[in-house]
Amino acid sequence: MTASSAPYSDHSPVLAGGQTPVRASSALPDFAVLGGGLCGRLVAWRLAGAGHRVALYERGGPEGGESAAWIAAAMLAPLAEAAVAELLITELGVASLETWPRILAELPEPVFFQRNGTLVVWHHADRTEAPLFERRVRANAPRELADANFTTLQGAQLDAAEPALAGRFARGWLLGGEGQLDNRQALAALAAGLEQRGAETHWHTSVDDASLPRARVTIDCRGLGAKPVLPALRGIRGEVARVHAPGIGLKRPVRLLHPRYPLYIAPKQDDLYVIGATEIEGEDRSPVSVRSALELLSAAFAVHPAFGEARILELNSQCRPTLPDHRPALIWDGGETLRVNGLYRHGFMIAPAVADEAVRVAQALLAGQLADADAFESLRHESRWASMLHARHMQGAREPA
């Protein structure tokens, strides 16, 4: 694991006027965090580390098996994702990629973390996909990021970069600096970090919107569980395979361009690989279909035939919460509640930056600095991520479009 010498807690936000958050003396928590998926855990862990009394409520257990983050490849790939995402997502991803090592250095349990870049390849029959991918990436990523990290490889260069694929692809790109981590280790380490920092954790606890837990400020990070209060939310189904494939030895995530099912293969520890591609509109949480399984595993076999001897450990699916514009949103209700949602397919890639901004807004709420719409607009104006911030008042309620 890569660690930074500067502890992440040293970067906790401060309130206006230089105030430092302090733990409340009242038995009432400063913050109730609803939802203990990735974003909820990060927010609660950050607030607890800043000295606040925090209570986290999660319908599942500390392992995180009920969350969308449980079924994820946890690739930290802002440049690769620029092919399907706008500049805001890319910039959130860049900021979060720099933050993850500091987070992991502060957690009490180790988390697999790798930053060897992303390899993008394609078969000759699909070569027309390559210029389309490059154009989309360069259109949606900061120019300096693309110019510095978008490296063309061919022949011996490609073989040297990824020896496991030597001779299998004529051309490819190495997107330098990108990374990945182990999603399930990260969820477990954050649960341990919450306990270490003294947060109250209420696992296996569902919350009722008509009778929410009492706290000075509520932060709703429930994903699709927040649909009763955010009806514009919808689920996008994703399906992944987890396989054990000794002897292949990929050094970094590989993305295979394909007109119908672009594939990613993310190598984790101990010859474990997470393979994914599918993205299906709808909130169907049934098991993976035969069609999806065939497409995933056939595409992996096409990347490297040794995947034909891999052992399937798991075929699983989950629904990722998204809003109509596919952007993450921090929505203030005009009272004491902040809703954090819509991270879509980019959860691990952007969660640290989204959580940091949620902490900043939540601390302002706690300090009484958001007394009206003008105060919110002032806070929004000061934010690097202003387009994520929305006010949704009780009268004339509206959600991000």
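Of note:
- When segment 233-248 is filtered for residues that are more than 30 Å from P131 (Cβ to Cβ) and either in contact (Cβ under 8 Å) with a residue 40 or more places away in the chain or in contact with a Ser or Thr (Cβ under 7 Å, 6 or more places away or on another chain) (or both), the ones remaining, listed by number, are L233, R234, G235, R242, V243, H244, A245, G247.
- Which listed residue is closer than 19 Å to P78 by Cβ and either crowded, with 16+ Cβ neighbours inside 10 Å or in contact with a Lys or Arg (Cβ under 8 Å, 6 or more places away or on another chain) (or both), from V217, V207, V254, V229: V254
- For E66: the one exception among (1) part of a strand (DSSP E or B); (2) free of Cβ contacts under 8 Å to residues at least 60 places away in the same chain: (1)
- Of everything listed in (1) in a loop (DSSP other than H, G, I, E, B); (2) in contact (Cβ under 8 Å) with a residue 40 or more places away in the chain; (3) of a type in the set (K, R); (4) over 26 Å from Q157 (Cβ atoms), the single unmet condition for R260 is (2).
- Segment 284-323, residues that are modelled with pLDDT of 95 or more and assigned to a loop (DSSP other than H, G, I, E, B): H304, A310, L323
- If you go through segment 364-385 and keep only what is small (G, A, S) and closer than 16 Å to I219 by Cα, you end up with A364, A367, G368.
- Whichever residue in segment 120-160 is part of a helix (DSSP H, G or I), touching a residue at least 60 places away in the same chain (Cβ under 8 Å) and out of contact with any Lys or Arg (no Cβ under 6 Å at 6 or more places or on another chain) and, among such residues, is farthest from L250 (Cα to Cα): L145
- Of all the listed residues (R320, R339, R384, R311), the sole one being surrounded by fewer than 20 Cβ atoms within 10 Å (Cβ to Cβ), among the basic types (K, R) and under 27 Å from P78 (Cα atoms) is R384.
- Selection from segment 231-257 of residues that are assigned to a loop (DSSP other than H, G, I, E, B) and touching a helix residue (DSSP H, G or I) at 6+ places or on another chain (Cβ under 9 Å): L233, A245, P246, G247, I248, G249, L250, K251, R252, P253
- Residue count for segment 103-140 satisfying the condition of being of a type in the set (D, E, K, R) and under 19 Å from the mean Cα position of the chain (by Cα): 2.
The values are calculated or read from the model by the stated rules, or taken from the named source; none is laboratory data. All of these numbers come straight from a predicted model, not from anything done at the bench. So basically every Cβ, Gly included, is an ideal-geometry build from the backbone, and we count neighbours across all protein chains shown.
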